[in-house]
Amino acid sequence: QVQLVESGGGLVQPGGSLRLSCAASGFTFSIYAMYWYRQTPGNEREWVASITALRRTTYADSVKGRFIISRDNAKNTVYLQMNSLKPEDTAVYYCNAGGTTTGYWGQGTQVTVSS
């Protein structure tokens, strides 16, 4: 079955960096677009970044220039490099395969940006 397992979250000071990973299994990873979303309590899940099968990337305005999404098809893994982190980046980060209609989500990893 499809599995997406995020890792790499934690507590970081403002201005710091983290790299999230999402290990995928149970489907042909290389042909799927992959996405990162984030969610804070009481709010809708918010799209953060996307990477297509051909490695075309797009970003939400709130993270453009600070976050980088990438993928390693040999490892069935998608990454989110997060730089210049701000307190408003605090959220649970989720990876998604194929878009929200697939229902393929990881369990999430908490990122907290605080001094």
Residue pairs meeting the criteria (Cβ under 7 Å; at least 6 apart or on separate chains; first under 16 Å from Gly99 (Cα atoms), in region 14-34; second hydroxyl-bearing (Ser, Thr, Tyr) and surrounded by 21 or more Cβ atoms within 10 Å (Cβ to Cβ)): none
Residues that are over 14 Å from the mean Cα position of the chain (by Cα) and polar (S, T, N, Q), drawn from region 18-39: Ser25, Thr28, Ser30
Members of region 76-96 found to be open to solvent by 30 Å² or more (accessible area, probe 1.4 Å) and either of a type outside the set (Ser, Thr, Tyr) or at positive phi (or both), listed by number: Asn76, Gln81, Asn83, Ser84, Lys86, Pro87, Glu88, Val92
Residue within region 32-39 that is over 21 Å from Val5 (Cβ atoms) and of a type outside the set (Lys, Arg) present: no
In region 97-115, residue nearest to the chain's Cα centre (by Cα) [restricted to those that are among the small types (Gly, Ala, Ser) and loosely packed, with under 13 Cβ neighbours inside 10 Å]: Gly103
When residues of region 47-58 are limited to those that are under 11 Å from the mean Cα position of the chain (by Cα) and not small (Gly, Ala, Ser), the one nearest to Ala24 (Cα to Cα): Ile51
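The values are calculated or read from the model by the stated rules, or taken from the named source; none is laboratory data. The shown structure was predicted, so the numbers you read here are calculated from the model rather than taken from an experiment. All Cβ positions, even for glycine, are placed from backbone atoms using ideal geometry, and neighbour counts span all protein chains on display. These area figures cover heavy atoms from the full protein model, side chains too; ligands, DNA and RNA do not enter into them. Shrake-Rupley method; radii C 1.70, N 1.55, O 1.52, S 1.80 Å.
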